[in-house]
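Structure, as structure tokens:
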Amino acid sequence: MKSLHIKPSWLFFLIPIGVLIFVIVPEIQGKYTVYNTKKIGLQQDVVTLDSLQQLTEPTRKDLQTIKKLEITVPIHTAAYQREVFVYYKTGGMLFVLAFMGVGMVVSGYISTKKKTAPKNEKVDFTFEDPDSDAIGQRIAWVGVERSGSNFASEVLKKTHNGYKIISSSLTKVVAWSFFLIGLNYVVLSFVEYYQIYDVSLTLMKAGKLFFTSGGPFLLIGFMLLLIFTPKAYVNTSKRKVSIDGKTLPFQHIHALQLLEKFTESHSSGSYFSYELNVITLNGERHNLLNHGDKDYILSDMIKLSRLFKVPVWNKGVV
């Protein structure tokens, strides 16, 4: 009898699938039933009110019903419209979260395929001792960048004239998700205000509505989208590196520095991240790569070291 082999990573997909089937779908169905019942009741009240108002000789009971419905129909209509926008906002958020989940799964799959590709197989690499070099003895071994990540947030990508360092696809998925969630809530909140409320929208009210809806998510996403611009260019034909607003000829690059950083975070926990820095002939350090995937950064490190024809200094990373 053959044993059933299941990858443990696939079991994690059972959690969101189970929550979707047994929790979210029944909850949505229940809320839709209540919503549809309210909608039908409101429509009946509107028809009844219109019919009674058309009467030429309404009875006392008809007048009482008209008076009652003239009060309740506008209130229920406004409540119904607000509920409609709640569903629009929730539906938009669920759509973006689905996009984010699919994007993360696809990005993770592509990342794994790239790391296991034959061209990225681990090869023997010899690091050189920085203490045997005059420049290596005086450079700092703290991170150039204060921030870090626990995944491959940056990638070295091949171009027609060399390489460029850009945000990874996973970083872009997260940025777009923040931006779209914020945009969804901000736009629908302003449309809701103009459709339901008769009060004019002042600057202070608009600002409050912006920041109490999806404004913070929109701004965070927008700021993350700004970092999509390439961080550095490596031009192999001109043998130059454009980084930190400077252009460094290959012959001005003395070595590469690989270092490890430990980050403590209350939101994402503690993790190690890694930096690959360019060391110039005058001892300046410029950051090329900064993320938390060691396999990726080691692979890119080897490519850049061979391209620049310089040694790599490392203190205990591998």
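Here is a yes/no grid of residues against (1) in contact with a Pro (Cβ under 6 Å, 6 or more places away or on another chain); (2) surrounded by 14 or more Cβ atoms within 10 Å (Cβ to Cβ); (3) in a helix (DSSP H, G or I); (4) charged (D, E, K, R):
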residue	(1), (2), (3), (4)
27	no, no, yes, yes
35	no, yes, yes, no
40	no, no, yes, no
51	no, no, yes, no
55	no, no, no, no
66	no, yes, yes, no
85	no, yes, yes, no
96	no, yes, yes, no
101	no, yes, yes, no
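Any idea which residue in the stretch 263-318 is nearest to residue 147 (Cα to Cα), counting only those that are of a type in the set (D, E, K, R) and free of Cβ contacts under 8 Å to residues at least 40 places away in the same chain? Explain how you work it out, then say what you get.
Going through the stretch 263-318, the residues of a type in the set (D, E, K, R) turn out to be 264, 275, 284-285, 293-295, 300, 303, 306, 309, 315.
From what's left, free of Cβ contacts under 8 Å to residues at least 40 places away in the same chain: 264, 284, 294, 306.
On the way: 264: 11, 284: 19, 294: 16, 306: 27 Å.
Among residues in the stretch 263-318 that are of a type in the set (D, E, K, R) and free of Cβ contacts under 8 Å to residues at least 40 places away in the same chain, the one nearest to residue 147 (Cα to Cα) is 264.
Those residues that are out of contact with any strand residue (DSSP E or B) (no Cβ under 8 Å at 6 or more places or on another chain), closer than 21 Å to residue 163 by Cβ and not polar (S, T, N, Q), I need them from the stretch 210-251; list them, please.
238, 245, listed by residue number.
Please go through (1) over 22 Å from residue 77 (Cβ atoms); (2) modelled with pLDDT under 90; (3) of a type in the set (Val, Ile, Thr) for residue 59 and return the number of the only condition it doesn't satisfy.
Condition not satisfied by residue 59: (2).
Can you work out which of the residues in the stretch 173-210 that are of a type in the set (S, T, N, Q) and surrounded by 12 or more Cβ atoms within 10 Å (Cβ to Cβ) is nearest to residue 227 (Cα to Cα)?
By that ranking, first place goes to 177.
Determine which member of the set 250, 211 is in contact with a Phe, Trp or Tyr (Cβ under 8 Å, 6 or more places away or on another chain) and not small (Gly, Ala, Ser). Even if it seems obvious, please write down each step before you answer.
Details: 211 fails: in contact with a Phe, Trp or Tyr (Cβ under 8 Å, 6 or more places away or on another chain).
Exactly one residue qualifies, and that residue is 250.
Restricting the stretch 218-241 to residues that are open to solvent by 50 Å² or more (accessible area, probe 1.4 Å) and assigned to a strand (DSSP E or B), which is nearest to residue 188 (Cα to Cα)?
233
Condition first: of a type in the set (A, V, I, L, M, F, W, C), assigned to a strand (DSSP E or B) and at pLDDT 90 or above. Can you find one or more residues in the stretch 260-275 that meet it?
No: the stretch 260-275 contains no residue that is of a type in the set (A, V, I, L, M, F, W, C), assigned to a strand (DSSP E or B) and at pLDDT 90 or above.
Applying the selection to the stretch 115-144, what residues are under 29 Å from the mean Cα position of the chain (by Cα) and either surrounded by 13 or more Cβ atoms within 10 Å (Cβ to Cβ) or at pLDDT 90 or above (or both)?
115, 120, 142, 143, 144 - these are the residues of the stretch 115-144 that are under 29 Å from the mean Cα position of the chain (by Cα) and either surrounded by 13 or more Cβ atoms within 10 Å (Cβ to Cβ) or at pLDDT 90 or above (or both).
List the number of the failed condition for residue 244; all other conditions in (1) on the phi < 0 side of the Ramachandran plot; (2) surrounded by fewer than 19 Cβ atoms within 10 Å (Cβ to Cβ) hold.
Among (1) on the phi < 0 side of the Ramachandran plot; (2) surrounded by fewer than 19 Cβ atoms within 10 Å (Cβ to Cβ), residue 244 violates only (1).
Give me the pairs: first residue in the stretch 160-181 and under 18 Å from residue 297 (Cα atoms), second residue among the basic types (Lys, Arg) and surrounded by fewer than 21 Cβ atoms within 10 Å (Cβ to Cβ), beta-carbon distance under 7 Å, and six or more apart or on different chains, which are they?
Here the result reads 163/157; 164/157; 165/231; 166/157; 166/231, each pair linking the stretch 160-181 to a residue that is among the basic types (Lys, Arg) and surrounded by fewer than 21 Cβ atoms within 10 Å (Cβ to Cβ).
Across the stretch 145-172, what is the total count of residues that are under 24 Å from the mean Cα position of the chain (by Cα), open to solvent by 50 Å² or more (accessible area, probe 1.4 Å) and not charged (D, E, K, R)?
Qualifying residue count for the region: 4.
The values are calculated or read from the model by the stated rules, or taken from the named source; none is laboratory data. The model shown is predicted, which means the values in this text are computed figures rather than measured ones. All Cβ positions, even for glycine, are placed from backbone atoms using ideal geometry, and neighbour counts span all protein chains on display. Remember, those area values only see protein heavy atoms, side chains included, never the ligands or the DNA or RNA. Shrake-Rupley method; radii C 1.70, N 1.55, O 1.52, S 1.80 Å.
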